[in-house]
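Since the structure comes first, as structure tokens, the remarks are kept for the end.
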Amino acid sequence: MSHPHPELSAPGPLAEGGLRVIPLGGLGEVGRNMTAFEYAGRLLLVDCGVLFPEENHPGVDLILPDFEPIRDRLDTVEALVLTHGHEDHIGATPYLLRERGDIPLIGSELTLALLDSKLREHRLRETVHHVVSEGDRLTVGPFELEFVAVNHSIPDALAVAIRTPAGLVLHTGDFKMDQLPLDSRITDLRAFARLGEEGVDLFLTDSTNAEVPGFTTPEVDISPVLDRVFAKSEKRIIVACFASHVHRVQQILDAAVAHGRKVGYVGRSMVRNMGIAQDLGYLHVPPGVMVDPKDLADLAPERQVLVSTGSQGEPLSALSRIAQNNHDFVHIAEGDTVILASSLIPGNENAVYRVINGLSRLGAQVVHKGNALVHVSGHASAGELLYCYNIVRPRNVIPVHGEIRHMRANAELAKATGVPPENVVVAEDGVVVDLIDGKARIAGKVDVGYVFVDGSSVGDITESSLKDRRILGEEGFISVVVVVDSVTGKVVSGPEIHARGFAEDESMFDEIKQPIIDALDAAVREGVGGSYQLQQTVRRVVGRWVNKAHRRRPMIIPVVIEA
């Protein structure tokens, strides 16, 4: 993985009285957020999330932060603070707890409840929880923590202020400044200002929307748009959104009641998360509106609403299966309306457009962010970030949570409000920053990479094996089996050639069989022996031929058997 500071060496020991920041994920990407803070030999972790794979990660289920830089120091971890309940902030926690199961987990009520269901799936039950709310203070080791309410696209999100003798750090987590939130819980700018008066030595700020001018549209603006879509729709309505977007589901439930429709959830994570949100009082379900999704079919289409997962085009999600017409009980009919009430996470565009086209082909009208205001971002735009910088007046800034372009845009905003350029540090994963005597400086770089989860295996997949998978998927596969006499080296059987994902008619390989035999004979005459060298000979001959004749570079597996 590339860094903006490739020349950096490993950091030296942390100076006495200094605070070290070690980003293990989330800087340079939208996902797998995790940061370690070190003071006096002790560690505090903030967030532990996953990144979802893109098309160039075939067979990968999840991507984790790299724990390697702290693996031999997990006994010094005082706690893991979770800013909110999104997967890109909590999803890797079970994998961390497999390595040390008694790390105290600190977060809000909803965040820890969503995490709990995940931990149960991983059979991790004996965990240490500390539920906190805005305004709470908690001391763990040398770290004094204070929690601040922030508004985001999931309820109960928190920023965290971290006090040590090295200085005061404020980490926003993911946030925006919606002034009319559906739950009336606004970002606590009074607390931000109070911390600013105290003196914020290091400000870690959400960069996701730093390129977007102005202010993020308030959530309430979506309700009248949903109302109009519901009023116009004469058949069934299917709404796809993130399985954690409680506010969006609340708006859908309210619209359904207003238009005399019943609602069913589709997708395991949607059913689980909304059940938790309802039990804890974050989702208010009007009586009589919910029905089992299988029973919805008994109602007239104009009385049905399905709330589904799969707004990012995930291949196995409910919406993707519906778009491919292979869902168990949901089948699109001409005139149905599908609302994609979510943003496009970078890298998912092709998958989402594939789903939109599939739904359209089946006769649905698809309403999405590109043609209607059915989603607003959960992140602060440039105007809000400027506002925060002016309130907090931080001495040093590290932009976090975003691709490199987002973090650079965020850095420019910080400089525009008067933060000295040398105090604005744009780092990527692994770039270590030390706060010493009130100054943030890059101290070096630790090796971090992607940790891939494939089924039940964690970290067994390498970039090399992913490259092999990409070749298999894009270029195909050819196997060549040849039996040679162990004494004379002459070919006594074969070559037998099979291909997959390359050519249906295997007779096309007839023309290369004699050149393989000739090349093996020539190699033996020149003294080449051993099955490995002979296999390399076969690979070169087949590779040159297939590249020249067919302009392809398939994976070639030669097998030379000595008999």
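Numerical summary
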{"item": "Failed item in (1) closer than 30 Å to GLU16 by Cα; (2) over 24 Å from the mean Cα position of the chain (by Cα); (3) of a type in the set (S, T, N, Q), with THR172 passing the rest", "result": "(2)"}
{"item": "Single residue of SER343, SER317 found to be of a type in the set (S, T, N, Q), out of contact with any helix residue (DSSP H, G or I) (no Cβ under 8 Å at 6 or more places or on another chain) and farther than 27 Å from ILE404 by Cα", "result": "SER317"}
{"item": "Residue in segment 299-315 that is in the same structural domain as LYS232 (by TED's automatic domain parsing) and without any contact (Cβ under 8 Å) to a residue 12 or more places away in the chain present", "result": "yes"}
{"item": "Condition met for LYS369 (out of contact with any Phe, Trp or Tyr (no Cβ under 9 Å at 6 or more places or on another chain), part of a loop (DSSP other than H, G, I, E, B) and surrounded by fewer than 21 Cβ atoms within 10 Å (Cβ to Cβ))", "result": "yes"}
{"item": "Identity of the residue in segment 155-189, touching a residue at least 24 places away in the same chain (Cβ under 8 Å) and among the polar types (S, T, N, Q), that ends up surrounded by the most Cβ atoms within 10 Å (Cβ to Cβ)", "result": "THR172"}
{"item": "Number of the condition not met by ALA341 [criteria: (1) assigned by TED's automatic domain parsing to the domain that holds HIS89; (2) in contact with a Lys or Arg (Cβ under 6 Å, 6 or more places away or on another chain)]", "result": "(1)"}
{"item": "Flag for GLY501 being among the small types (Gly, Ala, Ser) and modelled with pLDDT under 80", "result": "yes"}
{"item": "Checklist (1) under 21 Å from VAL160 (Cβ atoms); (2) out of contact with any Leu (no Cβ under 7 Å at 6 or more places or on another chain); (3) buried (at least 20 other Cβ atoms within 10 Å of the Cβ) applied to LEU74, failing item", "result": "(3)"}
{"item": "Of the criteria (1) over 16 Å from LYS235 (Cα atoms); (2) buried (at least 16 other Cβ atoms within 10 Å of the Cβ); (3) at pLDDT below 90, which one MET270 fails", "result": "(3)"}
{"item": "Qualifying position, being over 18 Å from LEU182 (Cα atoms), β-branched (Val, Ile, Thr) and either not in a strand (DSSP E or B) or not assigned by TED's automatic domain parsing to the domain that holds HIS84 (or both), among VAL271, VAL285, VAL257", "result": "VAL271"}
{"item": "Residue that is surrounded by the fewest Cβ atoms within 10 Å (Cβ to Cβ) [pool: residues in segment 190-221 that are in contact with a helix residue (DSSP H, G or I) (Cβ under 6 Å, 6 or more places away or on another chain), assigned to a helix (DSSP H, G or I) and not aromatic (Phe, Trp, Tyr)]", "result": "ALA193"}
{"item": "Flag if GLU334 is in a loop (DSSP other than H, G, I, E, B), surrounded by 16 or more Cβ atoms within 10 Å (Cβ to Cβ) and charged (D, E, K, R)", "result": "no"}
{"item": "Long-range neighbours under 9 Å by Cβ, at least six apart or interchain, first residue farther than 15 Å from PRO293 by Cα within segment 252-268, second polar (S, T, N, Q) and surrounded by fewer than 23 Cβ atoms within 10 Å (Cβ to Cβ)", "result": "ASP254/SER223; ALA255/SER223; HIS259/SER233"}
{"item": "Lone qualifier among VAL257, VAL249 - being among the β-branched types (Val, Ile, Thr) and farther than 26 Å from GLY85 by Cα", "result": "VAL257"}
{"item": "Segment 288-319: number of residues that are part of a loop (DSSP other than H, G, I, E, B) and either hydroxyl-bearing (Ser, Thr, Tyr) or more than 21 Å from the chain's Cα centre (by Cα) (or both)", "result": "11"}
{"item": "Residues being of a type in the set (Ser, Thr, Tyr), modelled with pLDDT under 55 and surrounded by 12 or more Cβ atoms within 10 Å (Cβ to Cβ) - total across segment 445-496", "result": "1"}
{"item": "Identity of the residue in segment 532-559, farther than 10 Å from ILE516 by Cβ and assigned to a strand (DSSP E or B), that ends up modelled with the lowest pLDDT", "result": "MET555"}
{"item": "Residue count for segment 24-61, restricted to those that are over 28 Å from ALA210 (Cβ atoms), of a type in the set (D, E, K, R) and modelled with pLDDT under 95", "result": "1"}
{"item": "Yes/no for HIS84 being closer than 22 Å to ARG272 by Cα, in contact with a Phe, Trp or Tyr (Cβ under 6 Å, 6 or more places away or on another chain), crowded, with 21+ Cβ neighbours inside 10 Å and not β-branched (Val, Ile, Thr)", "result": "no"}
{"item": "Check on ALA277, touching a Lys or Arg at 6+ places or on another chain (Cβ under 8 Å) and not in a loop (DSSP other than H, G, I, E, B)", "result": "no"}
{"item": "Hey, ARG194 farther than 30 Å from LEU280 by Cα, assigned by TED's automatic domain parsing to the domain that holds TYR39 and of a type in the set (Lys, Arg) or not", "result": "yes"}
{"item": "Within segment 60-71, tally of residues that are without any contact (Cβ under 8 Å) to a residue 60 or more places away in the chain and surrounded by 20 or more Cβ atoms within 10 Å (Cβ to Cβ)", "result": "1"}
{"item": "Of all residues making up segment 68-97, the number that are basic (Lys, Arg) and in a loop (DSSP other than H, G, I, E, B)", "result": "1"}
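Here is a yes/no grid of residues against (1) assigned to a strand (DSSP E or B); (2) more than 15 Å from the chain's Cα centre (by Cα); (3) at pLDDT 95 or above:
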{"residue": "GLY12", "(1), (2), (3)": "no, yes, no"}
{"residue": "GLU16", "(1), (2), (3)": "no, yes, no"}
{"residue": "ILE22", "(1), (2), (3)": "yes, yes, yes"}
{"residue": "ILE63", "(1), (2), (3)": "yes, no, no"}
{"residue": "ASP66", "(1), (2), (3)": "no, no, no"}
{"residue": "GLU99", "(1), (2), (3)": "no, yes, no"}
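Listed here are the residues, each with its yes/no results for (1) within 30 Å of ASN273 (Cα to Cα); (2) at pLDDT 95 or above; (3) out of contact with any Asp or Glu (no Cβ under 8 Å at 6 or more places or on another chain).
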{"residue": "GLU121", "(1), (2), (3)": "yes, no, yes"}
{"residue": "VAL131", "(1), (2), (3)": "yes, yes, no"}
{"residue": "VAL140", "(1), (2), (3)": "yes, yes, no"}
{"residue": "GLU198", "(1), (2), (3)": "no, yes, yes"}
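The values are calculated or read from the model by the stated rules, or taken from the named source; none is laboratory data. For clarity, every value in this text was computed on a predicted model and none was experimentally measured. Neighbour counts run over all protein chains shown; Cβ positions are idealised from the backbone, glycine included.
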